[in-house]
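Data first, discussion second: the structure below is written as structure tokens.
The values are calculated or read from the model by the stated rules, or taken from the named source; none is laboratory data. As the structure is a prediction and not an experimental result, all values here were calculated from the model. Glycine also receives a Cβ, built like all others from the backbone with ideal geometry; neighbour counts cover every protein chain displayed. Each accessible area value is taken on the protein alone, full model and side chains, heavy atoms only, with ligands, DNA and RNA left out. Shrake-Rupley method; radii C 1.70, N 1.55, O 1.52, S 1.80 Å.
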Amino acid sequence: SAGGGAVVLALRGTASLSDVVHDAVAYSEPFCGGEAHAGMARMARAVWAAAGGDVLRALGARPGAELVITGHSLGAGVACLLAVLLAKEEEALAARVRCFAFAPPPVFAPLSAARGVEVRAFLHGEDCVPFLSVDAGRRLLASLRAAGTIADAHSALAVSRVVFGRCAPSADLVAAVSRAAYLGCI
């Protein structure tokens, strides 16, 4: 930042069985005017309860310093939620917080409830974590079900040709899968 430097709070990704449990909590809860991944929201609150005093003292010793919150995977999700939490509950600090999230899972909605929160997400094209969500799982299952329904009407040979890339899927299969994925029907 302009002359003030930064205090950095770095959060690690999944590293223990307890972290896996937090990752797997696949329901949301009210959080800062929106809905957040329940396990990661609890972790964001716990991180601030444990480290907030030290962070505020470090910022107090460095007038003008920014708070940079960063993390990877699970840590990135928690970092994003912590940035939202601080923007909502620590108004004096809100303008000084920036978040750099590496491969964050989807953790908060709607984004309009997080206006003014600066989060920069970095994604690798081969990483599935940033695209994992209960909704994505529902859409996948709906697409598979729709494909199965259409496939039942075709011969096993025709289906195998599509599955193994030997021919393009029929228009009715594409339409059914697209419709199911869009509606999230199971």
Inset, instruction - Quick one: which residues, 5 or more positions from Ala121 or on another chain, have an amide H under 5 Å from its amide H? H modelled 1.01 Å from N in the peptide plane, none for Pro or chain starts. - result: Ala101
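Can you give the FRET efficiency for Ala175 and Tyr27, using 1/(1 + (r/R0)^6), R0 = 25 Å, r = Cβ-Cβ distance, to the nearest 0.05?
Working: r = 32 Å, r/R0 = 1.27.
Plugging the Cβ-Cβ distance into 1/(1 + (r/R0)^6) gives 0.20.
Can you put Leu82, Leu9 in order of accessible area, largest first, using a 1.4 Å probe?
Descending order: Leu9, Leu82.
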Inset, instruction - Compute the separation of the alpha-carbon centres of the stretch 48-71 and the stretch 80-105 and state it in Å as a whole number. - result: 12
Legend entry - Efficiency of FRET between Arg12 and Ala46 - r from beta-carbon atoms, R0 22 angstrom, step 0.05: 0.95
Legend entry - Solvent-accessible area of Glu91 with every protein chain in place, 1.4 Å probe, in Å² to the nearest 10: 150
Legend entry - Accessible heavy-atom area order of Val119, Val107, highest first, probe of 1.4 Å: Val119, Val107
Inset, instruction - Using only the Cα atoms of the stretch 39-108, build the gyration tensor, take square roots of its eigenvalues as a ≥ b ≥ c, and label the shape rounded, prolate or oblate: rounded if a/c is under 1.5, else prolate if a/b is larger than b/c, else oblate. - result: prolate
Inset, instruction - Set the Förster distance to 45 Å, then compute FRET efficiency between Glu91 and Glu126 from the Cβ-Cβ distance, nearest 0.05. - result: 0.70
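Could you sort Ser16, Ser73, Ser28 by accessible area so the largest value comes first, with the probe set to 1.4 Å? Could the numbers behind the result be given before it?
Details: Ser16 45, Ser73 20, Ser28 65 Å².
Ranking Ser16, Ser73, Ser28 by accessible area, largest first, yields Ser28, Ser16, Ser73.
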Legend entry - Virtual spin-label span in nm between Ala58 and Arg115, 7 Å along Cα→Cβ: 3.2
